[in-house]
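Below: the structure, in structure tokens.
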């Protein structure tokens, strides 16, 4: 499998012939329309802040955290013991979402990639799918209400129909992350934004998220 899907791994992009590759989220245009300030982070163009974000966060904010590293791992990592917080993958650098006993998705800050990949001794397949998914962070007091308007799912983490497409909703701090195929990212963000505005919310940059909810 190695090499077959390398195009999904933004971390393999490298400078060549004076060209510097920058990964772009499928949700980027929505933030451009909102006059977001972008910064290059971990090889991605990231919406760091959005005008007026301080006014919407007391209700609910939507940030684009698609630059999170993402690995598909088979079999799913064994749940870590509840012993020291530094031991075991679930208590370390990655968030683990088990799709089944045989398959899991791992989410992590790009700076932690080496630590995460080195903590998978039992994996028979580790596939970098960073570019395959868009990830929206939903944060604020009305975050749960917004999720409720997007999906009938009520126990998290869970996958199923979200705004009439297949997606996954994962808890993140006091908020949520919504994971969807990148080709559906812009659509889902538009629907989520419409629902957020009805609650007094809107788009925010990643730097406006609470520390425990940031990538």
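Numerical summary
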| read-out | value |
| --- | --- |
| Efficiency of FRET from Cβ geometry, residue 33 and residue 156, R₀ 22 Å, rounded to 0.05 | 0.15 |
| Fully extended contour minus Cα-Cα distance, from residue 165 to residue 214, at 0.36 nm per residue | 15.1 nm |
| Length-normalised contact order of the range 130-192 in % [C-alpha pairs under 8 Å, at least 6 apart] | 40 |
| When the convex hull of its Cα atoms is projected in every direction, mean area for the range 74-215 (nm²) | 8.9 |
| Gain on full stretching of the segment that runs from residue 191 to residue 22 - 0.36 nm per residue minus C-alpha separation | 58.2 nm |
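Every number in this text was worked out from the coordinates using simple rules, so none of it is lab data. Quick caveat, the model's predicted, so the values are computed rather than measured. Positions of Cβ are generated from backbone atoms using ideal geometry, with glycine treated the same way; all protein chains shown enter the neighbour counts.
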